[in-house]
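Q: Pasting in a structure now, in structure tokens, and then I'll have a few things to ask.
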Amino acid sequence: MLGVWLLLWGCLALGGRADTAFLRRAHDSSGHCTYSFTVASPVEAACPEAAGGVPELRAELAALAARLTRLESRERGVGGSGPRGAEPGGARDPQQVAAAAQNGHRCALLLPWEGHRAPAQGTGISGAAAPPGAPRGRQEPAGGEGGWLSPAHAVPDPAAAPRWEPQPLSYQELQSERSELPVSRLLEETALGRPGKEDSAGCGQLVWVGEPVVFGRADSIAGKYGVWMKDPEPVPPFTRDNTWRVDTVGTEVRQLFQYEEAEQLARGYPAKVHILPRPLESTGAVIYRGGLFFQPRHSRSVARYDLRGETITAEREIPGAGYHGQYPYSWGGYTDIDLAVDETGLWVIYSTEKARGAIVLSKLDPETLEIRRTWETNIRKRGVANSFLICGTLYTVSSYSAANATINFAYDTATGTSRALSIPFENRFRYLSMLDYNPAERQLFAWDSFNMVTYPVRLSRA
């Protein structure tokens, strides 16, 4: 490995505050870049050798070399990658350290440093090389002289740069440190938590769901369950900033609240309230291409309410679909018919007597509500808390009330196959009554016991 030699001049081994300092860079005989850092001592007129203090200096440097040797032994024992001293010319040998003090009239400390070798995970190196009060970090005077030598100069790779911290010691000492990182963070940043190549623009498989972010809270009992939405493909005069909300507790749920943006929803002041011609049932509604798609109460139909004309423009029955408590999700709430939107279009999620309670998927025409194609899965609808679609794949949630639930199943409509999953999913408020995916924002929208929240997601190619 290519090494970088850090040469600190100026009696730093004996400590003391520097009134003046000079930094010079030059190549030595072996071609290494050598940094010469000179600091004047405020208490000594000359180096100790000039006053007959060479034995004391040699003893001090020998003690320092012994400390370095012990540190290197500890580093090797824990797999560290600090200064090893195995390279030719290393300062591990006390005689080499003492010899450095005999060259010229200045005190010198020569340390080998591998700037291009990354430190072992969880292990760092710090030391007390700076005079008290010296600036830290990436600070360098113009021209590279007259200031403190920061780690940025000694180690070109920022990831491998040591942290130099002043300490009240009379000599320079290197210390080994360990840092603990949460397992969840490690999993998120490694291939174990992010399998495959991340797909930031197109379609892919769901591999991660983040922590919920609260956008608003319902202020009455009618909002214990509900649905809130944004249109991923809005039509004028509406935009992606427009936000929509329905509180679904009650026998006649007809109010659709319109907000100019999510921040207005958080403040609780709608720009407009739509009164639906038909009451809707449960929390399965979605907003898509300028329309509200919902299940009218006590029916197995799906209807489209036009947001501009404020009228129902289409309605169609879903053949054999259970309704009003026949095949709901595990939390109940008459969630027999659930609408969803993903990158491929509009979907309806339900079950039938023929399917014996298993989830059935149908792709709908968003204008006429005609069924284009249907898939029958092997996932029991009452056995999951909720579901959503991403890129033509159905995903289900294991529990609506467990704090640490999971995304537990996936059904791929492209292959007609299902698979078990175990992607962590947090129910922060312990009552998940609505969950939908917004392909434009690549987030999950959820209603969790009065709270309107979003979840970031991450997709990847297999």
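Q: Return the residues of the stretch 351-366 that are touching a strand residue (DSSP E or B) at 6+ places or on another chain (Cβ under 7 Å) and acidic (Asp, Glu); say none if nothing qualifies. Talk me through it step by step, then tell me what you get.
A: The first filter runs over the stretch 351-366 and keeps only residues touching a strand residue (DSSP E or B) at 6+ places or on another chain (Cβ under 7 Å), leaving 351-352, 355, 357-366.
Result: 365, single match.
Q: Grab the strands (runs of 3 or more DSSP E) fully contained in the stretch 374-462, keeping just those with 1 or more residues being of a type in the set (Phe, Trp, Tyr) and under 20 Å from residue 336 (Cα atoms). Quick ask: steps written out before the conclusion?
A: Working: elements: 386-390, 393-397, 404-412, 417-426, 432-438, 443-448, 451-461.
Those strands (runs of 3 or more DSSP E) span 386-390, 393-397, 404-412, 432-438, 443-448.
Q: Same structure again: For residue 211, only one of the following conditions fails: (1) open to solvent by 30 Å² or more (accessible area, probe 1.4 Å); (2) at pLDDT below 95; (3) closer than 21 Å to residue 460 by Cβ. What is its number?
A: Just one mismatch for residue 211, condition (2).
Q: Could you tell me whether any residue of the stretch 444-454 is within 18 Å of residue 204 (Cβ to Cβ) and in contact with a Pro (Cβ under 9 Å, 6 or more places away or on another chain)? Outline the logic, then answer.
A: Residues of the stretch 444-454 within 18 Å of residue 204 (Cβ to Cβ): 444.
Keeping just the survivors that are in contact with a Pro (Cβ under 9 Å, 6 or more places away or on another chain) gives 444.
Looking for residues that are within 18 Å of residue 204 (Cβ to Cβ) and in contact with a Pro (Cβ under 9 Å, 6 or more places away or on another chain), one finds at least one in the stretch 444-454, hence yes.
Q: Let me ask something additional. From the set of residues in the stretch 405-440 that are of a type in the set (S, T, N, Q) and buried (at least 17 other Cβ atoms within 10 Å of the Cβ), which is nearest to residue 246 (Cα to Cα)? Don't jump to the end; show me each part of the working.
A: Of the residues in the stretch 405-440, the ones of a type in the set (S, T, N, Q) are 406, 408, 413, 415, 417-418, 422, 427, 433, 438.
Still in the list and also buried (at least 17 other Cβ atoms within 10 Å of the Cβ): 406, 408, 413, 418, 427, 433, 438.
On the way: 406: 26, 408: 28, 413: 30, 418: 32, 427: 20, 433: 12, 438: 17 Å.
Here the answer is 433.
Q: Can you name every residue in the stretch 370-394 that is surrounded by 22 or more Cβ atoms within 10 Å (Cβ to Cβ), out of contact with any Gly (no Cβ under 7 Å at 6 or more places or on another chain) and not β-branched (Val, Ile, Thr)?
A: 385, 386, 387, 388, 389, 394
Q: Answer yes or no: is there a residue in the stretch 260-274 that is touching a Lys or Arg at 6+ places or on another chain (Cβ under 7 Å) and open to solvent by 30 Å² or more (accessible area, probe 1.4 Å).
A: Filtering the stretch 260-274 for residues touching a Lys or Arg at 6+ places or on another chain (Cβ under 7 Å) gives 265.
Restricting the remaining residues to those that are open to solvent by 30 Å² or more (accessible area, probe 1.4 Å) gives none.
No, that holds for no residue.
Q: Does the stretch 339-350 contain at least one residue that is assigned to a loop (DSSP other than H, G, I, E, B), in contact with a strand residue (DSSP E or B) (Cβ under 7 Å, 6 or more places away or on another chain) and either surrounded by 17 or more Cβ atoms within 10 Å (Cβ to Cβ) or of a type in the set (S, T, N, Q) (or both)? Reasoning before the result, please.
A: So the first thing to find is which residues in the stretch 339-350 are assigned to a loop (DSSP other than H, G, I, E, B), and the list is 343-344.
From the residues that got through so far, the ones that are in contact with a strand residue (DSSP E or B) (Cβ under 7 Å, 6 or more places away or on another chain) too are none.
Looking for residues that are assigned to a loop (DSSP other than H, G, I, E, B), in contact with a strand residue (DSSP E or B) (Cβ under 7 Å, 6 or more places away or on another chain) and either surrounded by 17 or more Cβ atoms within 10 Å (Cβ to Cβ) or of a type in the set (S, T, N, Q) (or both), one finds none in the stretch 339-350, hence no.
Listed here are the residues, each with its yes/no results for (1) of a type in the set (Phe, Trp, Tyr); (2) surrounded by fewer than 18 Cβ atoms within 10 Å (Cβ to Cβ); (3) within 18 Å of residue 434 (Cβ to Cβ).
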residue: 293; (1), (2), (3): yes, no, yes
residue: 300; (1), (2), (3): no, no, no
residue: 307; (1), (2), (3): no, no, no
residue: 316; (1), (2), (3): no, yes, no
residue: 323; (1), (2), (3): yes, no, yes
residue: 336; (1), (2), (3): no, no, yes
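Q: Oh, and also: Mind checking which residues of the stretch 304-320 are outside any loop (DSSP other than H, G, I, E, B) and either of a type outside the set (Gly, Ala, Ser) or more than 22 Å from residue 254 (Cβ to Cβ) (or both)? Lay out the reasoning, then the answer.
A: Step one: of the stretch 304-320, the residues outside any loop (DSSP other than H, G, I, E, B) are 304-306, 311-317.
Of everything in the stretch 304-320, those that are outside any loop (DSSP other than H, G, I, E, B) and either of a type outside the set (Gly, Ala, Ser) or more than 22 Å from residue 254 (Cβ to Cβ) (or both) turn out to be 304, 305, 306, 311, 312, 313, 315, 316, 317.
Q: To continue, here is another question. In the stretch 370-417, what count of residues is obtained for those that are in contact (Cβ under 8 Å) with a residue 40 or more places away in the chain and among the β-branched types (Val, Ile, Thr)?
A: 7
Q: Same structure, new question: Just to be sure I understand the filter: pairs with C-beta atoms under 7 Å, separated by 6 or more residues or on different chains, first member in the stretch 423-434 and in contact (Cβ under 8 Å) with a residue 12 or more places away in the chain and farther than 15 Å from residue 330 by Cα, second member among the acidic types (Asp, Glu) and open to solvent by 10 Å² or more (accessible area, probe 1.4 Å). Which pairs pass?
A: 426/211
The values are calculated or read from the model by the stated rules, or taken from the named source; none is laboratory data. What you are looking at is a predicted structure, and each value in this text was computed from that prediction instead of being measured. Glycine gets a Cβ as well: all are built from the backbone with ideal geometry, and neighbour counts include every protein chain shown. Areas reflect the complete protein model, heavy atoms only, side chains present, ligands, DNA and RNA absent. Shrake-Rupley method; radii C 1.70, N 1.55, O 1.52, S 1.80 Å.
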